[in-house]
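Working notes for the structure below.
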Amino acid sequence: MSRFFATGSDSESEESSSADEITPKATGTTFSKHIVCCPLRFRFEELTNIIKTIRNAMKIRDMSKCLEEFEQLYRAFLKSKTIVDKEGVPQFYIRLLADLEDYLNQLWEDKEGKKKMNKNNAKALSTLRQKIRKYNKDFETEIVSYKEVLNCSPNVISSSSKSDDDEDVTAKSLMKKKPQEEEKKAPEASKFLKGESESEEDEESEDWGSDSVDSGGESEDNEGAAASLAVVFLKKYVYGDKQPERKKDDRRKRHKKMEQVDEEADEEGEGEEGGWEKVKGGVPLVKEKPKMFAKGTEINNAVVIKKLNEILQARGKKGTDRSAQIELFHALAGISNENNLGEGILVKIKFNIIASLYDYNTNLAAFMKAEMWKKCLECIDELLDILFENSNIFIGENIAEDSENLAISDQPFRVRGCILTLVERMDEEFTKIMQNTDPHSQEYVDNLKDEGRVCGIIDRLLQYLESKGSTEEVCRVYLRRIMHTYYKFDYKAHRRSLGLQGETKSEQDQEESEGEDSAIIMDRLCKFIYAKDRTDRIRTCAILCHIYHHALHSRWYQARDLMLMSHLQDNIQHADPPVQILYNRTMVQLGICAFRQGMIKDAHNALLDIQSSGRAKELLGQGLLMRNMQERNAEQEKIEKRRQVPFHMHINLELLECVYLVSAMLLEIPYMAAHEFDARRRMISKQFHHQLRVGERQPLLGPPESMREHVVAASKAMKMGDWRTCHSFIINEKMNSKVWDLFPETQRVREMLVRKIQEESLRTYLFTYSSVYDSISMATLSEMFELELPTVHSIISKMIINEELMASLDQPTQTVVMHRTEPTSLQNMTLQLAEKLGGLVENNERVFDLKQGVYGGYFNRGTRTRPRNLIKDHFQIKINCGYQQRQNYQRGGYRNQNQSSY
Amino acid sequence: GDRLNGFENGKTQLLCLCVRLQVVLKIIKHYQEEGQGSEVVQGVLLGLVVEDRLEITNCFPFPQHTEDDVDFDEVQYQMEMMRSLRHVNIDHLHVGWYQSTYYGSFVSRALLDSQFSYQHAIEESVVLIYDPIKTAQGSLCLKAYRLTPKLMEICKEKDFSPEALKKACIGYEHMLEEVPIVIKNSHLINVLLLDLQEKSTVADKHELLNLSSSNHLEKSLQLLMDRVDGMSQEIVKYNTYCRNLTKQQQQKQQYLQRRQQENTQRQSRGEPPLPEEDINKMFKPPQAPPRMDTLLIAGQVNNYCQNIKAFTSQNLGKLFMAEALQGHSS
């Protein structure tokens, strides 16, 4: 870039010194010029570089290198096709083709030399020869004309052949061909035109010098230098008679440049004089402010679109100043506004502004800067304003570039572009900004305030698309809306349902509460998606969000039914990670909802998968786990970072764990008490047991501090049936502030919890101590556990029915009479021993089987003659006894057996 | 002199063990003071060999010491102790050691190792096992054991592989031999005892009639189960070894067959046979698991079973007695 600026200022100084009438025009266009010139220059530089290598290879007769480079050249040439189309085939390219062909032919003829060549080279030579023959056919005319020139000006050739051969541009060819060289050329040419002989001489000598050194050391402006050199020759040899013609030529050149730069040629028509007219206007210019159009140009649609395309071409190119581009677009929008070019064009420009705002960050991981983001929001808002005001604008991705209608006419506007995509992208950018902001800073809060605007935009877009968009688009925008709604708790509706509505403090609250309940909105949007969506993903997301929303608002049955109906549990593992994260979030929310409703078992089941992995944080997309680089490289880490859920949507992990542990406690402690002696009892929750073990390992047990310690302490109390202590550990100041106060209906949850603790403690108590009692009065139990008599009655009845408690109820005295048919601990132990012995014998048998065939067996020593079957039978009986007993016991029939025997 | 008389040729069997009451009381006292629960107390027995019997006349405990005292030297302590005892004219010949036990669990590797080293150094040495729990139930339980000559042989070889044990023909029954114990007192003490017996209340004597059994049985069963688990593990280990061995044998056979076939082919073609390779190098037999632990576990299991059996038969008797009494009274 600096080079360009340098040249630009160069020409400026030139212009000021000379104050001529030609140069200012060039300066007037400098800014826009280098945007256009850049790719051209870049491409040509590439070409010249390759050509240089080819020429070097030619010199050393390295045919394979030649071939290789030629193919590269060919590809590079194809790449610069667009420019070539505009500019004509560059002279140096033709020159090379011609030279190369000649050279190859020459080599081909040289039989001696060919023989000397090594195999590779010879092969390459023939291939290359064929290739170039074929290829040159496309450029036949150019080559012929080049050769003509070559022939008719031998002087030039002779002189230039002294210099390096790759730089010999002949005067004629220069005259005939329009110059491909760029900005440097212009001032130089003008110099010559003015006839400043001193500087000319200087140039000349310089050029000579540099040229004669070597091609290798030359930079990309070789061609330019060569060209000017050629002009020097030209001047020397053809000065006088050809001057007017050349002048005209120069004029044309200049005009051509204008075409490149401003692309106004079309509208200006063929007239060369138009160029001259323009020149007059563009004198006073401020360098910094880029000038869109030369003054006086009639600004109409076509011009603006031209300009727009021109700016667009620079997009994505290396070295394009992206912020400047945005500026340019803005300026263009201003111009089109000033000139009342209609909304069509404005919409088009707005689209491009937003797109270039998104482009500003080349890195996918980087997030938008605050001011960019603000600008983006504004722009989208304005765009939506325009779209709402003008119902006659059609926008869509499917509208082809050439069928656009941007001009004001009777026809409705047709603009290519997709507002939905832009808004989606904006939403993603918002997420990205939130992901990259420290959640505990004020900045985060500030950024979060924009969420309202984002939602507003999505809402407006939703309105717009509902009237204009296709079903698919509506589904997409609905999903966006859902995504911004599902995780928010609807306090208004909550308050209303509690009957607290009415005396809200301010009018603003009143106003806010007038909006639709989020539940209704969710319902409407989701149902539309269920009905209309054809992509599976949107529907899946919508269902999950819907469930989440239900669960968040304690509509447990709706949430559960929807989850079961969707069958998502079966195939969620095939979904992409973001959807899986959403699913995990939903499951967790569902579990917490179940807990609030007192469905402890459901809560436990829903949370089990997430909690048991020990990676809840990662599974919910709420942070990365520390892992070493072997498991995850930097790339993966970046991807994972992009998946993170923004902080304001997080589910409190401590709450999650606490809910899980408390559910596990309520399930596990009675279960443990009931199956104290069962050797093969299963753990309901490994996580919970782990916590218990950690608690046991403490050498010194202080009062609980953390949430986990509280739960462990409570579990211990519950084990003894001491519900009061358990209660005080679960519900107290610390736990309230840590966990329970996070629930919207905290009081209700606490009441539910107390009740559950009482019930489960009662059950645990009965399991643990039933063997001590002959009978126990239900009134006593009800007193002990502060439960009503009917509740106690129902709990005990349930236990009896489930065969968990061997007892019967004595109605008149309201007592529970224990049957004492549970096997005593000694009996239990004996059963266990029997089982173990069974295993032992089985293992022994296996050794025996092995030994028997090969060696005769360890046990056979001394008793070789003893029939093996006998031993086996003997063992068999033992095993059977063990099994029999075990099976009986498992079926609960052990007790019956005993009963009958008593 | 006496000492040499009996055991010089190593043939004479130790027929009897005379233990002074003093020793018994000292052991009991030691346990009561220092042993708790499953903790084990140990000490040194002193005495001398008289003809075919070993008289144990005194003992002293090993002091309890934590692992923190690195300075503590047990051997040094013993030597000091014996020297001191000698000064006061007490028998100072080292003839074995004693150990308390918890529900009859004492057959262990540690016991085997130390008894082996004792018996290796001092041929007549014995180990006295004192069971405080049984004693608490009313009958003094003190037993003396020695390693059998067979086991001594094996321990000397230090080869516990399955083959070696098989060759030695040793089973868990033949590992330890019990030496009968006679408690001998001076007449004065006998008189004192009789006197005390007269004075003691009835309640003191009838610990033996305690009917409760489940606690003791449960503990025994637990320990038994633990050992059975250990046995199972050992068997699984051995089983894996056997399977691996068989598998390797098969591979070896296959390899040999292939080799042979190839060689015969080569021979028919007139080529020299393939060079013999060290097959054992190619097929390294898997490491055999030592079987000593299995034997010890079996011994211990046997021990538990004996204990339980004795206990239950005794208790059954008591229960019948109680039933008869109840029937009689009602």
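The values are calculated or read from the model by the stated rules, or taken from the named source; none is laboratory data. Everything numeric in this text was worked out from a predicted model, so none of it was measured. Counting neighbours? That spans all protein chains shown, and the Cβs are built from the backbone with ideal geometry, glycine included.
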(request) From (1) exposed (fewer than 15 other Cβ atoms within 10 Å of the Cβ); (2) of a type outside the set (K, R); (3) at the interface with another protein chain (Cβ under 8 Å from one of its Cβ atoms), pick out the condition that doesn't hold for B:E262. (result) (3)
(request) Take region A:801-838 and flag every residue that is in contact with an Asp or Glu (Cβ under 8 Å, 6 or more places away or on another chain) and hydroxyl-bearing (S, T, Y). (result) A:S825
(message) Against the conditions (1) under 25 Å from A:A606 (Cα atoms); (2) in contact (Cβ under 8 Å) with a residue 12 or more places away in the chain, where does A:W723 fall short? Just the number, please.
(response) (1)
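For every residue, the table says whether it meets (1) assigned to a helix (DSSP H, G or I); (2) within 23 Å of A:H440 (Cβ to Cβ); (3) in contact with a helix residue (DSSP H, G or I) (Cβ under 6 Å, 6 or more places away or on another chain).
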| residue | (1), (2), (3) |
| --- | --- |
| A:K601 | yes, no, no |
| A:L607 | yes, no, yes |
| A:E640 | yes, yes, no |
| A:V645 | no, yes, no |
| A:L661 | yes, no, yes |
| A:H690 | yes, no, no |
(request) Would you mind stating whether B:I28 is within 30 Å of B:N215 (Cβ to Cβ), modelled with pLDDT of 85 or more and of a type in the set (A, V, I, L, M)? (result) yes
(message) Considering only residues that are under 22 Å from A:Y671 (Cβ atoms) and either over 44 Å from the mean Cα position of the chain (by Cα) or of a type in the set (S, T, N, Q) (or both), which ones fall in region A:692-720?
(response) A:E696, A:A713, A:A714, A:S715, A:K716, A:A717, A:M718, A:K719, A:M720
(request) Could you identify the single residue in A:I94, A:I83 that is of a type in the set (A, V, I, L, M, F, W, C), touching a helix residue (DSSP H, G or I) at 6+ places or on another chain (Cβ under 6 Å) and at pLDDT below 75? (result) A:I83
(message) Which of the numbered conditions does B:L256 fail, given that it passes all the others? Conditions: (1) within 14 Å of another protein chain (Cβ to nearest Cβ); (2) more than 32 Å from the chain's Cα centre (by Cα).
(response) (1)
(message) Cβ-Cβ under 6 Å, sequence separation 6+ or interchain: first residue in region A:446-458 and touching a residue at least 40 places away in the same chain (Cβ under 8 Å), partner surrounded by fewer than 16 Cβ atoms within 10 Å (Cβ to Cβ) and part of a helix (DSSP H, G or I). Which pairs?
(response) A:L448/A:H648
(request) Confirm whether B:Y102 is surrounded by 18 or more Cβ atoms within 10 Å (Cβ to Cβ) and more than 14 Å from chain A (Cβ to nearest Cβ). (result) no
(request) Could you please let me know if B:Y145 is in a helix (DSSP H, G or I) and either surrounded by 18 or more Cβ atoms within 10 Å (Cβ to Cβ) or in the same structural domain as B:Y241 (by the TED database) (or both)? (result) no
(request) Give region B:209-241 a look and list any residue that's within 7 Å of chain A (Cβ to nearest Cβ), in contact (Cβ under 8 Å) with a residue 12 or more places away in the chain, within 20 Å of the chain's Cα centre (by Cα) and closer than 16 Å to B:Y103 by Cβ, or say none. (result) B:L221, B:L224, B:V228
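Take the residues of region A:475-493 that are of a type in the set (F, W, Y) and part of a helix (DSSP H, G or I): which is farthest from the chain's Cα centre (by Cα)? Before the answer, list the steps.
Restricting attention to region A:475-493, the residues satisfying the condition of being of a type in the set (F, W, Y) are A:478, A:486-487, A:489, A:491.
Imposing the further condition that a residue be part of a helix (DSSP H, G or I) reduces the set to A:478, A:491.
Working: A:Y478: 20, A:Y491: 32 Å.
Looking at residues that are of a type in the set (F, W, Y) and part of a helix (DSSP H, G or I), I get A:Y491.
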(message) Given the criteria more than 9 Å from chain A (Cβ to nearest Cβ), touching a residue at least 24 places away in the same chain (Cβ under 8 Å), under 29 Å from B:R291 (Cα atoms) and polar (S, T, N, Q), does B:N244 qualify?
(response) yes
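Yes or no, residue by residue, for (1) at pLDDT below 80; (2) more than 26 Å from the chain's Cα centre (by Cα):
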| site | (1), (2) |
| --- | --- |
| B:Q64 | yes, no |
| B:D69 | yes, yes |
| B:S84 | no, yes |
| B:N89 | no, yes |
(message) Would you confirm whether or not region B:148-159 contains a residue that is within 14 Å of chain A (Cβ to nearest Cβ) and either closer than 30 Å to B:C18 by Cα or in a helix (DSSP H, G or I) (or both)?
(response) no
(request) State the number of residues belonging to region B:8-19 that are modelled with pLDDT of 80 or more and crowded, with 20+ Cβ neighbours inside 10 Å. (result) 2
(request) Determine whether region B:312-319 contains at least one residue that is away from every other protein chain (no Cβ under 14 Å), in a helix (DSSP H, G or I) and farther than 24 Å from A:M829 by Cβ. (result) no
(message) If a residue must be within 7 Å of chain B (Cβ to nearest Cβ) and buried (at least 19 other Cβ atoms within 10 Å of the Cβ), how many such residues does region A:821-839 contain?
(response) 4
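Take the residues in region B:163-190 that are assigned to a strand (DSSP E or B) and out of contact with any Ser or Thr (no Cβ under 9 Å at 6 or more places or on another chain); name whichever of them is farthest from the other protein chains (Cβ to nearest Cβ). Don't jump to the end; show me each part of the working.
Step one: filter region B:163-190 for residues assigned to a strand (DSSP E or B), giving B:176-179, B:181-184.
Still in the running and out of contact with any Ser or Thr (no Cβ under 9 Å at 6 or more places or on another chain): B:178-179, B:181-184.
Values: B:E178: 23, B:V179: 27, B:I181: 32, B:V182: 35, B:I183: 35, B:K184: 40 Å.
Restricting to residues being assigned to a strand (DSSP E or B) and out of contact with any Ser or Thr (no Cβ under 9 Å at 6 or more places or on another chain), the top hit is B:K184.
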